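The values are calculated or read from the model by the stated rules, or taken from the named source; none is laboratory data. Remember, it's a predicted structure, so these values are computed and weren't measured experimentally. Reconstructed Cβ throughout: ideal geometry from the backbone, glycine too, with neighbour counts over all protein chains shown. In case anyone asks, the SASA skips ligands and DNA or RNA and just uses the protein heavy atoms, side chains included. Shrake-Rupley method; radii C 1.70, N 1.55, O 1.52, S 1.80 Å.
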Amino acid sequence: MKETEFSWIKRIEIEEVMPSEEKHLEQLLLHHGIKAKVNRKAFYRVAGNGQVPSPEVFEKIMWDQALQRGQIELPETHFDGAVSVSFLPGVTDNSGKALEEAFSLYGHDMRCFSGTWFEIKVLEGTAVLGSDKWTKALGHFCEEVGNPLIQQVTSYQVNKDRDLQWLEGRFKNISIPQVHIDHDQKVESVSLELSDQELEELSRTRCLALNLEEMQTIKNYYLNDSVQNRRKVKGLPLTPTDVEIEVLAQTWSEHCKHKIFAANIDYHNEQTGEKFKIESLYKSFIKKATKEIEEEGVDWLVSVFSDNAGIVRFDQNIDLCIKVETHNSPSALDPYGGAITGILGVNRDILGCGLGAKPIANTDVFCFASTELPEKIDPQKLPAGLMEPARLLRGVHKGVEDGGNKSGIPTVNGAIVFDTDFAGKPLVFCGTIGTLPAKLKDGRNGSDKGAKVGDGIFVVGGAVGADGIHGATFSSMELNEDSPATAVQIGDPLTQKRVMDFLLEARDHGLYTCVTDNGAGGISSSIGEMAELTGGAKIDLNTHPRKYPGLSPWEIMISESQERMTFAVDSSQEQAFLDLARERGVMATRMGEFTNSGYLEVFYKEDLVADLEMDFLHDGVPTLNLKARSVSLKERPTWISLPKEKKPGTKSEALEKLLHCENIASKEPWVRQYDHEVQGATIGKPFSGSNGIGPGDSGVIDLEAHGGEENSMATVGCGLAPRMSSYDASVMAKQCVDEAVRNIIVSGSNPDKICLLDNFCWPDPVLTSKNPQGDIKLGQLVDTCKGLYEICKLYKAPLVSGKDSMKNDFRGKNRAGEPLTISIQPTLLVTAMGHGHKSELLRSSLEEVGTLVYRVGHFQASLLVSEYRENFALTDNDLNFSNEVRPEDWDFNKCQQTYRAFFKANKSGLLQSAHDVSDGGVAVAMAEMLFDSGLGFQLSSIDKSVGDLFSEGPGMILVGVRPHNQKAFEVHFSQEGVPVELLGEANDGGKIEFTSDDSLSINQALNSWRRNWEVSL
Amino acid sequence: MSQVKVCIITGDGVNCERETKRAFEAAGALCTITHINDKVNLDHFDILAFPGGFSFGDELGSGKVFALKIEKFYGDEIHQFVKKGKPIIGICNGFQVLAKLGLFSRVGDDQIKVGLAKNDSGQFIDQWSKLSVNGEHCIWLKGIKEIFLPIRHGEGRVVFGAGDVKAQTADFDKIKARGRDVLRYHQNPNGAHDDLAGLCDDSGLVFGLMPHPEAAIKSELYPGGHVLGSLGLTLFQNAVNYVLENQGNSHDEN
């Protein structure tokens, strides 16, 4: 549609009559010395043809008189400055779409574009107007409220004539965002008759992210006689078409093919002298662990590593599927869009699992640099062109909040980890659990995938646009200033919710044979993968709905525009499938059919534009050959060190400060913005205890409510320990697994029913001249995989799904213009999902005076990698204590033994509460158990050292035991050979007493823990 | 005595329909979840429920577009439903929908302005809240004095008078005079007028509330694992019992 096609365009501004606070933005202006009132309005541009609807129609449809005032004519100007934020052409505009739908209910066909309009009234010192300070403050304001990659952000000053003129004419001279694409849509062939250097250049300029060997492989493939002959017959150019080269690049991307995990690796451990060769880390460690555990008797794996998500059977009625994804690169560019598409994307993985699973819970884990970084260091040292940590955190958080809340999926578990090395790239992990009926009504297994030759290929959901092109390849590259803006998108949770509701209804009616999601690579991946089931597919790209004209065929093929699922539909069901989609207001289009030709044949109208041999497409990518070196790092390398606080004088001071540090403090203001309990089945919540204040260790879902067996529950927890990776990457892996497992064990999970997910986020592990430490990072990856294999075997916990993200580096400049490289600490996120009985669910809070508190499990902990060390300036001497067990000496066998004994004790009803000992050690865990009730606690031994109280290590649990169970409790653990230590008992003294002259009141502790996250405003 | 029939309306981003169904079923009712695009004959039902969720993603204000759609599809049938003496509940987003439909704005022959604005913090909040009930007038709240329920909303601030201070007091006084101010927070989480968490209409049949009773129908759903005050399920039982008790009456009238 062209602008000229509208006969009228109106601007409408809507303001709240009783607005909520704009503390954060007013604070921002105050930082610039400007005291001002900010008034936020919504504004819309509405365009249509024929008669303009009456003001009454606008009022009825657009605002609520009890809450809002709408303006369709220019109101009086009561402000000094204004900021307008609206979407760039083609960017998803959910509010605009909702308004179009509202108008259409009343028979008006219109195009609507939303925006936010901020009016700023300076309250004191109006002399500032017109000054540089004012301009600078508005500039900062713009940066805060908009992102130029996806939005048009403009500020206006009333005292500037030109601006005032615009402001006064804004209800008359209105333009609307329209996409203008200037390239033409024909398909081009891409010559590969190029030198090696030129091939690499082509890969870079087209954003293919293919290395030289891969480019050469493609070049040589096209030189094959048989390939050339077939292409001649088919009337195709002898070199690849742009559609073909793009599909190959998506399919072969690190993101889709996990080439580093499939590589041949020469490994050399310089500490032990050990050398060996590895053919695929994935096969040698990850898959191997699962396979061996299955052979040793685990019988509840339904589908692992083959579908979109791992599927397990903990319950005879319903299967559980689980998947965790990362969305780091998009989140770095646009935190809101990156995170919301991350969470909606992993939801689609679950929807596309088996014959379609229902998402029942989300998890989220973020890693950022400290939000205090800009204050703690010289800001000139910060990476140029990247958003500050607080801004990233706010945006990412809001994205996950909207994605989860608006989809009606509870966010039940997560973590936020802060470390300076995430300043170059934040990590955003989004996970989803789904339920799948073991058997569908028509008798098919829920986990089946059954596309047949002749089934129609249907795409359901949104239209495609240029947004989301090259997401898969972009994420396989490092972040720099040229990162493509088209990789940034905004999600549309409403459309996805409709698709989800439709999918589950269509599944239960047996309307399709196979389904998968559209994620990285768009339909090139989804149809490409499903075509493997039949051995080919034939599609016409022209059938795919588009957001606007002008897209080239290759763009339609690889666009990652959101909210789309791909289905295989038996010909007898096609009409019913389309009818249901129409009834549910969901777009569905038939694009072609599955074949057994051995080829992915892509047409654009009549013309064949890609003819890709399935075998070459999926198995043609050459194996990488890499070198790995394991060296002793012990002390971590980092790009900057932060100043630390003076060593605390007392234990209570140490506790108070640790409770307040970013990694330990409650994330309550963030977490409470997620809906934890929609679907009415969250029985283990982020905040537990009678008052809903105490921290929860894991997310626990009532499966009975979702159709599972009576008394059945699922648990989910997570573990990560990025700081340990420099110390010992193998221990890091074990610590991650132990923490994730312990999180769910303490809630009452059965140690024999735990599955794990591995998500690796690594700095570039490929040695090149640009990346001279690549071999060391690969060494850490190998060590991590080895450690992971060992601990999974030991805990009998199979890995069921995983993902990796391999280029988490920033290579650019700092704000002073000096070269700067920041690599993240190698990070493994382990997610544990388990099963238990609701009647055995344990929570973390102590509730009654007299409850005894024990530490259960062998004491194996150290201050070497601890929050205590991270926060305080210490000497080497401060780190030593007599009970210390260093990470390299941790014996995880003992932990495993503890968990089994713990499970039995809980089954016998001996435990009142339990909490895992994690960051901050025993003292922090103790305090956390008291927060909900406000009870006090006196440590019975006065000999506890700082090391005993604040060191960190695996396998330890604090439990509350009612006095009448004391004897049975002690006998039980003694029989099991697991040590327990009585630490003291809950009292009504309202304080934590280390000794009679060293104590901290619970209120003080709680205030410290519930830190005022100013950045959350 | 026949089973009480409940119609639960969903679609377009509503997301609490299943747990609302479980709550009514636990109270002994027979439930039908109906997609908003599938218009049904409301005469076949005894109770109508608008569950929580994010209809139309809260775009244009929570409940706004969904209410427009209900009005378009059902017109006066919703008001007629109440006139026939049948209960309606709107929970969270459902409350917002009912408010937008004007079900709380009529007081006797007067019209007041009442709405659910954004929380004063501007943020969504999930927390369990202790609530006091003043429920004699509302059929849903019989016998309940105190109740502990989760709230999960970004736009739950009950406001009166559309920003006019005088109207605010006047509108609220009218509601209060009729005992329609039925549910209050102990600690106001969102800036709601007079700590209000829920309202009913003149008839006492239509009840809208921000907290989620359907997420508190069993002790295990409570954050500490035990019930404080009345169980959330009681609300649903009250409505079902009300229908059962009045079934006879309506038969007599026929």
Residue-averaged 222 nm ellipticity for the protein assembly as shown, from DSSP H runs of 4+ at -39500 (n - 2.57), nearest 500: -9000 deg cm²/dmol
Inter-centroid distance (Cα atoms) of the range A:586-649 relative to the range A:396-463, Å: 18 Å
Shape metrics for the range A:421-467, restricted to C-alpha atoms - Rg then Dmax, Å: 18.8, 52
Spin-label model distance (nm) - B:Phe73 vs A:Leu164, 7 Å beyond Cα toward Cβ: 5.2 nm
Per residue, in Å², the accessible surface of the protein assembly as shown once ligands and nucleic acids are set aside, probe 1.4 Å: 35 Å²
Unit charges at the beta carbon, dipole of chain A: most positive-side option, A:Gln216, A:Ala249, A:Ile701: A:Ile701
Simple Cβ-charge dipole of the range B:5-253, Lys/Arg +1 and Asp/Glu -1, about Cα centre, in debye nearest 20: 200 debye
Estimated FRET transfer efficiency (A:Lys796, A:Gln216; beta-carbon r; R0 51 Å; 0.05): 0.70
Value of relative contact order over the range B:127-254, rounded to a whole percent, pairs C-alpha under 8 Å and six or more apart: 29 percent
For A:404-412, mean number of other protein chain Cβ atoms within 10 Å: 4
Alpha-carbon centroid distance for the pair the range A:248-318 / the range B:1-58, whole angstrom: 45 Å
Binned Cα-Cα distances of chain A, short to long, each 10 Å bin given as a whole percent: 2, 11, 19, 23, 21, 14, 7, 2, 0, 0
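Rounded, prolate or oblate, given the Cα gyration tensor of the range B:5-253, with a/c below 1.5 counting as rounded?
Because its axes are fairly even, with a/c under 1.5, the range B:5-253 counts as rounded.
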Cysteines without a disulfide-compatible partner [chain B; Cβ-Cβ under 4.7 Å]: B:Cys7, B:Cys16, B:Cys31, B:Cys92
Accessible-area composition of the protein assembly as shown, carbon plus sulfur, in percent [1.4 Å probe]: 46 percent
Contact order relative to length of the range B:5-253, as percent, for alpha carbon pairs under 8 angstrom and 6 or more apart: 20 percent
Between A and B, accessible area buried - total, square angstrom, nearest 100, 1.4 angstrom probe: 5100 Å²
Added length on full extension, which subtracts the Cα-Cα distance from 0.36 nm per residue, A:His78 to A:Asp109: 7.8 nm
Table column - 3J(HN,Hα) (Hz), the range A:750-756, Karplus curve with 6.51, -1.76, 1.60, x for Gly and Pro: 7, x, 8, 10, 10, 10, 10
Highest to lowest packing among A:596-604, A:722-730, B:106-114, A:380-388, scored as the average C-beta count within 10 Å: A:722-730, A:596-604, A:380-388, B:106-114
Positive-end extreme of charge dipole, the range A:3-168 - chosen from A:Val91, A:Gln165, A:His140 (charges on Cβ): A:His140
Chain-alone versus full-assembly comparison, the range B:148-185, residues with accessible loss of at least 10 Å² (1.4 Å probe): B:Phe148, B:Arg152, B:Arg157, B:Val159, B:Ala162, B:Gly163, B:Gln168
Cα→Cβ-extended label distance, 7 Å offset, between A:Ser641 and B:Asp194, nm: 6.3 nm
The range A:688-755-the range A:193-234 distance, computed between alpha-carbon centres (Å): 47 Å
Summed side-chain charge close to A:Gly125 - residues other than A:Gly125 whose Cβ falls under 14 Å, Lys, Arg +1, Asp, Glu -1: +2
Computed over chain A: relative contact order in percent, which uses C-alpha pairs under 8 Å that are six or more apart: 12 percent
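For the range A:662-803, would you read off the P(r) tail past 21 Å as a percentage of all alpha carbon pairs?
Numbers: 5413 of 10011 pairs.
Tail of the P(r) past 21 Å holds 54 percent of the pairs.
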Descending semi-axes in Å of the range A:37-161, equivalent ellipsoid built from Cα gyration tensor: 31, 18, 11
Listed residues A:Ala581, A:Pro237, A:Met565: farthest to the positive end of the dipole of the protein assembly as shown (Cβ charges): A:Ala581
Calculated over the range B:1-108: convex hull of Cα atoms, volume per residue (Å³): 97 Å³
Interface residues, the range A:654-694 - accessible area loss of 50 Å² or more versus chain alone, probe 1.4 Å: A:Arg672, A:Gln673, A:Glu677, A:Gly680, A:Lys685, A:Ser690
